[in-house]
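J.: Input: one structure, supplied below.
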Amino acid sequence: MLAPSFAVFQLVAITHVTAIDVARGTARPDMTVLIDGPRITAVGASASTVIPGGARRIDGRGKWLIPGLWDMHVHSTVPTGRALLALYVANGVTGVRDMGGDFATIRRWREEIATGTLPGPRIVAAGPYLEGHSSPIAHIEVHTPDDARRAVDSLTVLGVDFVKVHSALPRETFFAAAREARRRHLALAGHLSRNVTVVEASDSGQRSLEHLLGFVNVCSPAESLSFAAADPLRRIVFNSCTSRDQHAVYAHLARNGTWVTPTLTPAWEFAVLPKHDVPGDSLGRFVSDSLRAYMVSIFDPPPNLPPEANILGQQMFAKRHELVLALHRAGVPLLSGTDAPMRNSPPGFGLHEELLEFVRSGLTPTAALRTATYEPARYLGALDSLGTIAKGKLADLVLLDADPRVDIANTRRIAAVFTRGRVYDRAALDQLLAEAQRAAR
């Protein structure tokens, strides 16, 4: 990889910009934001904000400023994973939650990112996750409650940021892991164990539920009959139908403050099978052959699906859109996550597709934007440092050429990214993309 292409400035002034308040869904026009190293030191009207001498001035006229984006479900320690980290920054993703990987590698990358030798996002990481059987991703296999307690204790010693659980934990083993995580003051997140319900997981303190696993679809009798014919893979991904109202379940999660990370973008891959074209394929130039082989090994599509199976798959996917909107209306907090790297969610790029999926579900663009800014900060207990544009907070910011409240696709129209006291202008971002593309060859 070439030398990092960012510029380091101690003092930066973004002038005459429209600052988006994601907490309130409003915009503050003609503002000046002052940055000193990694922190925001002032946010005020341009007419009255004094700019220190020697500050680099960035003209924000006709541009919009948002907090840095977070992808709350990724896997970093994959083939060529180190080179992929720059793709997050190039897409305005200044933070990620790594949901399973080699923690020693992640810790080393975090140190390189912090010192500026490696362009990449802030990383909150689980390390190896807990699973009831063997898995190709870094994990600790647990079968009994004692196994679970020992595993959580070992993760505590390792220094992970939270504990991730996967799908195949026996019932009492899951509850033991949840109790030990609480005792160790570690958040618990991940898949819904197949042996517990959504409500039980929430009541046990699972802070986030991933992929909508365990959430049933509210269906008509005709839909129930149709979906019963789905192949086993899609029944796992999109679940089954019920005629019973689910609002009591959603209200329960909202009261408990349990977040949900739908990961709709990678789910689209399952919806369109046996067809194979997905939007993410247009970004294949950033995917190395070794990574492509790894992704195939993780997800090998079932053979002999009928050619028209994609029609049913897309109907099932539409029910997940309905579910996401119902969760949102019930007050369940949502997080943007992409399961990157997947075919439809290459690192960084997939986050923008996920925001589109939230809007397709019926959320407003502003509500969708909150899932990648304000809600991650609230989930992480970091609203004092992240999530909004305010004095004293970290200057993880994205400057856009168009208003994301009008069209959420405008989050792709990035003019500059600010993180860790570094400024990546459009030329620097393009260089990051070029370097990542070369690394994938």
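The values are calculated or read from the model by the stated rules, or taken from the named source; none is laboratory data. The model shown is predicted, which means the values in this text are computed figures rather than measured ones. As a convention, Cβ positions derive from the backbone with ideal geometry for all residues, glycine included, and neighbour counts pool all protein chains shown.
J.: If Trp64 satisfies every condition in (1) more than 21 Å from the chain's Cα centre (by Cα); (2) among the aromatic types (Phe, Trp, Tyr); (3) surrounded by fewer than 22 Cβ atoms within 10 Å (Cβ to Cβ) but one, which is the exception?
T.: Condition not satisfied by Trp64: (3).
J.: Here's a follow-up. So which of Ala318, Ala326 ends up being touching a helix residue (DSSP H, G or I) at 6+ places or on another chain (Cβ under 7 Å), assigned to a helix (DSSP H, G or I) and modelled with pLDDT of 95 or more?
T.: Every option except Ala326 fails the conditions.
J.: With the requirement that a residue be in a loop (DSSP other than H, G, I, E, B) and either among the aromatic types (Phe, Trp, Tyr) or touching a Gly at 6+ places or on another chain (Cβ under 9 Å) (or both), what does segment 232-257 give you?
T.: Once the filter is applied, which keeps residues that are in a loop (DSSP other than H, G, I, E, B) and either among the aromatic types (Phe, Trp, Tyr) or touching a Gly at 6+ places or on another chain (Cβ under 9 Å) (or both), segment 232-257 yields only Asn239.
J.: From the list Gly348, Gly313, exactly one residue is within 17 Å of Pro121 (Cβ to Cβ) and surrounded by 21 or more Cβ atoms within 10 Å (Cβ to Cβ). Which is it?
T.: Details: Gly313 fails: within 17 Å of Pro121 (Cβ to Cβ).
The unique qualifying residue is Gly348.
J.: State all residues of segment 12-27 that are assigned to a strand (DSSP E or B), under 14 Å from Thr366 (Cβ atoms) and not small (Gly, Ala, Ser); if no residue qualifies, say none.
T.: Thr18, Ile20, Asp21, Thr26
J.: Going residue by residue through segment 300-309, is there one that turns out to be under 24 Å from Thr338 (Cα atoms), out of contact with any strand residue (DSSP E or B) (no Cβ under 7 Å at 6 or more places or on another chain), of a type in the set (S, T, N, Q) and loosely packed, with under 12 Cβ neighbours inside 10 Å?
T.: Among the residues of segment 300-309, not one is under 24 Å from Thr338 (Cα atoms), out of contact with any strand residue (DSSP E or B) (no Cβ under 7 Å at 6 or more places or on another chain), of a type in the set (S, T, N, Q) and loosely packed, with under 12 Cβ neighbours inside 10 Å, which makes the answer no.
J.: Then there is this: Could you check segment 188-246 and list, in sequence order, the residues that are among the small types (Gly, Ala, Ser), in contact with a Leu (Cβ under 8 Å, 6 or more places away or on another chain) and surrounded by fewer than 22 Cβ atoms within 10 Å (Cβ to Cβ)?
T.: Ser204, Gly205, Gly214, Ser226, Ala229, Ala230
J.: Kindly indicate which of Ala47, Ala86, Ala90, Ala42 is in contact (Cβ under 8 Å) with a residue 40 or more places away in the chain and surrounded by fewer than 20 Cβ atoms within 10 Å (Cβ to Cβ).
T.: Details: Ala47 fails: in contact (Cβ under 8 Å) with a residue 40 or more places away in the chain; Ala86 fails: surrounded by fewer than 20 Cβ atoms within 10 Å (Cβ to Cβ); Ala90 fails: surrounded by fewer than 20 Cβ atoms within 10 Å (Cβ to Cβ).
Within the list Ala47, Ala86, Ala90, Ala42, the selection yields Ala42.
J.: Can you tell me which residues in segment 289-305 are assigned to a loop (DSSP other than H, G, I, E, B) and at pLDDT 80 or above?
T.: Residues satisfying the conditions are Asn304, Leu305.
This table checks each residue for (1) buried (at least 21 other Cβ atoms within 10 Å of the Cβ); (2) out of contact with any strand residue (DSSP E or B) (no Cβ under 7 Å at 6 or more places or on another chain).
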| site | (1), (2) |
| --- | --- |
| Val359 | no, yes |
| Ala377 | yes, yes |
| Leu383 | no, yes |
| Thr388 | no, no |
| Asp401 | no, no |
| Thr419 | yes, no |
| Ala427 | no, yes |
| Gln431 | no, yes |
| Arg438 | no, yes |
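J.: Please work out which one of (1) charged (D, E, K, R); (2) in a helix (DSSP H, G or I); (3) modelled with pLDDT of 95 or more is the condition Arg207 fails and give its number.
T.: For Arg207, the exception is condition (2).
J.: Could you tell me which residue of segment 206-250 is farthest from Pro302 (Cα to Cα), considering only residues that are within 27 Å of the chain's Cα centre (by Cα) and small (Gly, Ala, Ser)?
T.: Ala248
J.: Follow-up question, since we're still on this one. Out of the residues in segment 15-44 that are touching a Lys or Arg at 6+ places or on another chain (Cβ under 8 Å) and of a type in the set (D, E, K, R), state the one that is nearest to Val406 (Cα to Cα).
T.: Per the criteria, the residue is Asp21.
J.: Please determine, by comparing only the residues of segment 264-278 that are part of a loop (DSSP other than H, G, I, E, B) and β-branched (Val, Ile, Thr), which one is modelled with the highest pLDDT. Let's see the steps before the verdict.
T.: To start, the set of residues in segment 264-278 that are part of a loop (DSSP other than H, G, I, E, B) comprises 272-278.
Cutting the leftovers down to β-branched (Val, Ile, Thr) gives us 272, 278.
Values: Val272: 93, Val278: 90.
The selected residue is Val272.
J.: Check Met295 against each of (1) closer than 30 Å to Arg82 by Cα; (2) crowded, with 19+ Cβ neighbours inside 10 Å; (3) of a type in the set (A, V, I, L, M, F, W, C) and name the one condition it does not meet.
T.: (2)
J.: Can you confirm whether Arg107 is surrounded by fewer than 24 Cβ atoms within 10 Å (Cβ to Cβ), closer than 28 Å to Glu131 by Cβ and among the basic types (Lys, Arg)?
T.: Here the answer is yes, as Arg107 does meet what is asked.
J.: What residue, among those in segment 118-139 that are buried (at least 20 other Cβ atoms within 10 Å of the Cβ) and more than 21 Å from the chain's Cα centre (by Cα), is farthest from Thr77 (Cα to Cα)?
T.: Gly132
J.: Show me the strands (runs of 3 or more DSSP E) found entirely inside segment 364-441 where at least 2 residues are touching a residue at least 24 places away in the same chain (Cβ under 8 Å) and over 20 Å from the mean Cα position of the chain (by Cα).
T.: Output list reads 414-419, 422-425.
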